[in-house]
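Heads up: the structure comes next, in structure tokens.
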Amino acid sequence: MPRVKSAGLNGLAEYFREQLLEESSSHPDEETRWYLGNLLERFSRNDALFSYQDGDLGIRPLALLYGDAQQCVHERERCLLLRQLGDQALFLGALFPEHYARKGIQRDYFIGMGGGAYDYLAGHARELRHVFAELADSFAQIIELVARICRRYRQYSASEIMALYQRWRQTGNPALANQLQAMGVALEISAERLH
């Protein structure tokens, strides 16, 4: 990871915000940059990313976080779990794609899980709805941006784009459509998909 000029946690978050502004051709909103800078600073600490379960330290799988959120009775608790899911999907998908690809998990999985979590939050969270909406609509590009500022950038492979396209065809998720179109994929969206 690149050197940070100023010491301290606020310095690291500010460093990431500056990098997001410098590296992005379509700058995320200022509040979204603030959110992402804080997310990256927070996940730079092990205690924010790893948790203990059954006596082992590890990262809770995204699918289990999703299942936990689905079982929540209280909306606030569901939103907290989905925020954790979206944040982890973004961080892991940006910084460790090769690790998960060896396990058969491609970037479209992170895009689907994280984009879906942020999409839900855009309509249900108590605060930052516009930030979550931006993250949901441009999740694939944000993953690439975060990967680039952390110096682990790589382009989507044809198979990853096809997997994302297949997921969009199956679900009709407009957030996936936006991401595909932002990557230059032309989509034929039928009138029935608009309803």
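The values are calculated or read from the model by the stated rules, or taken from the named source; none is laboratory data. The structure presented is a predicted model; accordingly, all values stated were derived computationally and were not measured. Because the Cβ atoms are built from the backbone with ideal geometry, glycine has one as well, and the counts that use them run over all protein chains shown. Accessible surface areas use protein heavy atoms only, side chains included; no ligands, DNA or RNA. Shrake-Rupley method; radii C 1.70, N 1.55, O 1.52, S 1.80 Å.
Residue 163: in contact with a helix residue (DSSP H, G or I) (Cβ under 6 Å, 6 or more places away or on another chain), modelled with pLDDT under 85 and either assigned to a helix (DSSP H, G or I) or surrounded by 12 or more Cβ atoms within 10 Å (Cβ to Cβ) (or both), yes or no? Judged against the criteria, residue 163 is a match.
More than 23 Å from residue 173 (Cα to Cα), open to solvent by 40 Å² or more (accessible area, probe 1.4 Å) and at pLDDT 85 or above: does that describe residue 60? Spelling it out, residue 60 is indeed more than 23 Å from residue 173 (Cα to Cα), open to solvent by 40 Å² or more (accessible area, probe 1.4 Å) and at pLDDT 85 or above. When 69, 7 are checked against the criterion of being modelled with pLDDT of 90 or more and more than 16 Å from the chain's Cα centre (by Cα), 69 stands alone in meeting it.
When 114, 123, 184 are checked against the criterion of being modelled with pLDDT of 90 or more and either open to solvent by 60 Å² or more (accessible area, probe 1.4 Å) or closer than 20 Å to residue 88 by Cβ (or both), a single residue qualifies: 114. Which one is modelled with the lowest pLDDT among residues in the stretch 140-160 that are among the hydrophobic types (A, V, I, L, M, F, W, C) and under 16 Å from the mean Cα position of the chain (by Cα)? If we take residues in the stretch 140-160 being among the hydrophobic types (A, V, I, L, M, F, W, C) and under 16 Å from the mean Cα position of the chain (by Cα), then 150 is modelled with the lowest pLDDT. Of the residues making up the stretch 67-81, those that are surrounded by fewer than 18 Cβ atoms within 10 Å (Cβ to Cβ) and touching a helix residue (DSSP H, G or I) at 6+ places or on another chain (Cβ under 6 Å) number 2. Checked against the criterion of being open to solvent by 60 Å² or more (accessible area, probe 1.4 Å), of a type outside the set (Ser, Thr, Tyr) and assigned to a helix (DSSP H, G or I), the candidates 88, 84 yield just one match: 84. Selection of first residues in the stretch 20-45 that are closer than 15 Å to residue 144 by Cα and of a type in the set (Lys, Arg) and of second residues that are modelled with pLDDT of 80 or more and surrounded by 13 or more Cβ atoms within 10 Å (Cβ to Cβ), restricted to Cβ pairs under 6 Å at least 6 apart or on distinct chains, gives the following pairs, ordered by first then second residue: 33/17; 33/20.
Taking the numbered list (1) open to solvent by 80 Å² or more (accessible area, probe 1.4 Å); (2) among the acidic types (Asp, Glu); (3) at pLDDT 90 or above in turn, residue 22 passes all entries but (3).
Please verify whether the stretch 74-86 includes one or more residues that are at pLDDT 95 or above and small (Gly, Ala, Ser). Yes, the stretch 74-86 contains a residue that is at pLDDT 95 or above and small (Gly, Ala, Ser). Residue 47 falls short on exactly one of the conditions (1) closer than 23 Å to residue 15 by Cβ; (2) open to solvent by less than 70 Å² (accessible area, probe 1.4 Å), and that condition is (2). Acidic (Asp, Glu) and touching a Pro at 6+ places or on another chain (Cβ under 7 Å) - does that describe any residue in the stretch 127-136? Looking for residues that are acidic (Asp, Glu) and touching a Pro at 6+ places or on another chain (Cβ under 7 Å), one finds at least one in the stretch 127-136, hence yes.
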